[in-house]
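The values are calculated or read from the model by the stated rules, or taken from the named source; none is laboratory data. Not measured: the values here are computed from a predicted model. Neighbour counts are summed over all protein chains in view; Cβ atoms, including those assigned to glycine, are modelled from backbone coordinates with ideal geometry. Heads up: the accessible areas ignore ligands, DNA and RNA and are worked out on the full protein's heavy atoms, side chains in. Shrake-Rupley method; radii C 1.70, N 1.55, O 1.52, S 1.80 Å.
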Amino acid sequence: MGKLIHIGFGNVVNTGKIIAIVSPDSAPVKRMVQKAKETGMAIDATQGRKTKAVLVMENSQIVLSALLPETISGRAQTGDGQTDED
């Protein structure tokens with residue numbers, strides 16, 4: 001079971017459910033985000049800020065974050081920014 005890590009602005013995700021953390025700049029990722037928004041499979045955790053990372057989750061959902069992919073992956077690997085699962 002994964003730990004919960006902060007992805008910005010009080011939002012957390014379960015590291016055990018993350019498949020990939022990618023930059024939103026490429027055309028294929030932009031298409032994936034648009035399709036997820038249209039089908040209700042996107043979770044916007046940016047709080048109105050620019051999307052800097054797209055987290056692809058196990059259940060085909062995607063999570064949009066305003067933190068850089070490097071920041072989120074660093075937290076996932078080191079455990080920095082973790083919260084207890086209650």
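Before moving on, here are some points about what is shown:
- Sulfur and carbon atoms: percent of accessible area, the chain [1.4 Å]: 50
- When the trypsin sites (Lys or Arg not before Pro) in the chain are filtered for DSSP coil states and for at most 12 other beta-carbon atoms within 10 Å of their beta-carbon, the remaining sites are 50.
- The HN-Hα couplings worked out from phi for segment 4-17 by the Karplus form 6.51 cos²θ - 1.76 cosθ + 1.60 (θ = phi - 60°) are 8, 10, 6, 10, x, 6, x, 8, 10, 9, 7, 5, x, 9 Hz, whole numbers, x standing for Gly and Pro.
- Once backbone amide H atoms are built at 1.01 Å from N, residue 7 has 12, 13 as its partners under 5 Å, excluding neighbours fewer than 5 places away on the same chain.
- Estimated from helices alone, the mean residue ellipticity of the chain at 222 nm is -8000 deg cm²/dmol (sum of -39500 (n - 2.57) over DSSP H runs with n ≥ 4, per residue).
- In loop segments of the chain as defined by DSSP, the GluC sites (Glu not before Pro) with at most 12 further C-beta atoms inside 10 Å of their C-beta are 58, 85.
- Taken over the C-alpha atoms, the chain has Rg and Dmax values of 12.1, 38 angstrom.
- J(HN,Hα) series, segment 67-83, from Karplus relation 6.51 cos²θ - 1.76 cosθ + 1.60, nearest Hz, glycine and proline x: 8, 5, x, 4, 5, 5, 5, x, 5, 5, 7, 8, x, 5, x, 7, 10
- For the chain, the solvent-accessible area works out to 61 Å² per residue, with a probe of 1.4 Å and every protein chain left in place.
- Those lysines that a straight Cα-Cα span of less than 20 Å connects to residue 3, excepting residues fewer than 8 apart in one chain: 17
- Residue-count net charge about residue 78 - beta-carbon cut-off 15 Å; Lys, Arg +1, Asp, Glu -1: 0
- Integer Hz, Karplus 6.51/-1.76/1.60 couplings in order for segment 24-41, x for Gly and Pro: x, 7, 7, 4, x, 5, 4, 5, 4, 5, 4, 5, 5, 5, 5, 9, x, 9
- Within segment 26-60: backbone nitrogen closer than 19 Å to the residue 77 label point (7 Å, Cα to C-beta): 53-56
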